[in-house]
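Just below is one structure, and these are the notes that go with it.
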Amino acid sequence: MDTIKQLQWRYATKKFDTNKKLSKEKLNIIKQAFNLTATSFGLQTISLVIVENKDLRATLVPHSYNQKQVLDASHLLVICIQGNIENTDVNNYYKNIKTIRNTPDSILEPYRKDLEHKMHNMSIKQRQQWSTNQAYIALGNLMTICAIENIDSCPMEGFVSKKYDSILKLKDNGLKSVLLLPVGYRAKDDMFSTFKKVRKSIKETIIEI
Ligand SMILES: Cc1cc2nc3c(=O)[nH]c(=O)nc-3n(C[C@H](O)[C@H](O)[C@H](O)COP(=O)(O)O)c2cc1C
């Protein structure tokens, strides 16, 4: 597989083929890739909500600046952050390390305390911003994985987060929506698929010292 060819192949898909669905296998790759995304400290304060239900998605279109990708794609991925980060999140993370790696408490405890302290010193808004930074890493990761897997996608910030939160009842799970990624297969007549990529020259964006 030619990595650069795949990155050239992908584009922010505006029109999806409404008849094509992702297979269970492809969906599973997306789920695993999301969960394998690196996060700061490894705390994973982000979640992925996968919306397949078309009736539900139709109600989201007006809250997405009428961008139809939200409805027409095979699935709509909603990347969410936790509304807050609690001590239990930090404690559960270190319990998980202990279980998986069998690391003694004597080694983990200073790191656990340090992270608890770091989170304690942030406001709720700062914690949300910190989690949002992680959400963007997940978005980039998923976009690349989709490109490699020949899955079309469209990264989206253009939606009303508060409306999504209430329609998808995200608050019930302590979550807030921050980014969208409709995924599926491009429509044959999506003219955007034929457009040349617009990028600065490598000389302008890369500095080698
Ligand atoms: C964080 C982010 C948010 C974006 N939001 C939208 C959006 O709401 N709607 C849309 O059609 N495209 C959106 N885009 C797509 C960009 O316009 C597109 O990726 C960029 O122009 C580069 O084109 P390409 O992805 O086709 O190579 C977004 C891209 C990113 C990375």
Average projected area [Cα convex hull, the chain], square nanometres | 15.1 nm²
The range 1-105: relative contact order as a whole-number percent, Cα under 8 Å and 6+ apart | 31 percent
In cubic angstrom per residue, the convex hull of the range 48-160 built on its Cα atoms measures 135 Å³
Based on DSSP H runs of at least 4 residues, each adding -39500 (n - 2.57), what is the mean residue ellipticity at 222 nm of the chain after dividing by all its residues, to the nearest 500 deg cm²/dmol?
-> -14000 deg cm²/dmol
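For the range 115-209, state which GluC sites (Glu not before Pro) are in a DSSP loop and have at most 11 other beta carbons lying within 10 Å of their beta carbon.
Counting only loop positions with at most 11 other Cβ atoms within 10 Å, the GluC sites (Glu not before Pro) in the range 115-209 are GLU157, GLU208.
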Taking the range 1-116 as the region of interest, what is the percent of Cα-Cα pairs per 5 angstrom bin, listed from the shortest bin to the one with the maximum distance?
-> 2, 9, 13, 16, 15, 13, 10, 9, 8, 4, 1, 0
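Chymotrypsin sites (Phe, Trp or Tyr not before Pro) within the range 150-199: which are DSSP loop residues with at most 14 other Cβ atoms inside 10 Å?
On the way: sites: PHE159, TYR164, TYR185, PHE192, PHE195; in loops: PHE159, TYR185, PHE195.
Passing both the DSSP loop test and the Cβ count: PHE195.
Find the relative contact order for the range 89-189 and round it to a whole percent, using C-alpha pairs within less than 8 Å whose residues are 6+ positions apart. Write out the running numbers ahead of the final one.
Values: 61 pairs, mean separation 22.1, N = 101.
Over the range 89-189, the number comes to 22 percent.
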Give a residue-ordered list of calculated ³J(HN,Hα) values for the range 71-83 (Karplus: 6.51 cos²θ - 1.76 cosθ + 1.60, θ = phi - 60°; whole Hz; x for Gly, Pro).
-> 8, 7, 5, 4, 9, 10, 9, 10, 8, 10, 10, 5, x
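Lys and Arg at +1, Asp and Glu at -1: add these up for the other residues within a Cβ distance under 15 Å of LEU180 and post the number.
On the way: positive: LYS14, ARG57, LYS68, LYS162, LYS163, LYS176; negative: GLU52, ASP72, ASP152, GLU157, ASP165.
Here the charged neighbours net out to +1.
Over all directions, what mean area does the Cα convex hull of the range 105-209 project, stated in square nanometres? Provide the component values of the computation, followed by the final result.
On the way: hull surface 50.0 nm².
Its Cα hull, projected and averaged over all orientations, spans 12.5 nm².
Within a 10 angstrom radius of the beta carbon, how do ILE206, ILE97 rank from fewest other beta carbons to most? Write out the running numbers ahead of the final one.
Values: ILE206 8, ILE97 15.
With the sparsest Cβ surroundings first, the list reads ILE206, ILE97.
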Run a plain Debye calculation on the range 1-64 (Cα atoms as equal point scatterers, no solvent) and give log10 I(q)/I(0) at q = 0.20, 0.25 Å⁻¹, rounded to two decimals, same order as the q list.
-> -1.22, -1.23
May I ask for the equivalent-ellipsoid semi-axes of the range 107-151, computed as the square root of five times each C-alpha gyration tensor eigenvalue and listed largest first in whole Å?
-> 31, 15, 4
Quick one: P(r) of the range 29-88 from all Cα-Cα pairs, 10 Å bins, percents rounded to integers, in order of increasing distance.
-> 19, 40, 29, 12, 0
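Give me MET1, MET122 ranked fewest to most by other Cβ atoms within 10 Å of their Cβ, as a rough exposure proxy. Please list the in-between numbers first.
On the way: MET1 6, MET122 13.
Final ranking by Cβ density, sparse to dense: MET1, MET122.
With contacts defined as alpha carbon pairs under 8 Å and 6 or more residues apart, what's the relative contact order of the chain in percent? Show your work: numbers first, answer last.
Working: 286 pairs, mean separation 74.7, N = 209.
It rounds to 36 percent for the chain.
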What is the distance, in nm, between label points placed 7 Å from the Cα along the Cα-to-Cβ direction at LYS162 and at ASN84?
-> 2.0 nm
At 1.567 mPa s and 4 °C, Stokes D of the range 119-173 from Kirkwood alpha-carbon radius, µm² per second = 96 µm²/s
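Could you rank the peptides 132-138, 170-176, 150-156, 76-82 by their average count of other C-beta atoms within 10 Å per residue, with the highest value first? Don't jump to the answer; show the numbers that get you there.
On the way: 132-138: 17.9, 170-176: 15.4, 150-156: 22.1, 76-82: 24.1.
Ranked from most to least packed, the peptides come out as 76-82, 150-156, 132-138, 170-176.
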Among LEU71, LEU7, what is the fewest-to-most ranking by other Cβ atoms within 10 Å?
-> LEU7, LEU71
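Read the figures in this text as sums done on the coordinates, not as results from a lab. In this text the structure is predicted, and so the values were computed from the model without any measurement. Backbone-built Cβ (ideal geometry, glycine too); neighbour counts: all protein chains shown.
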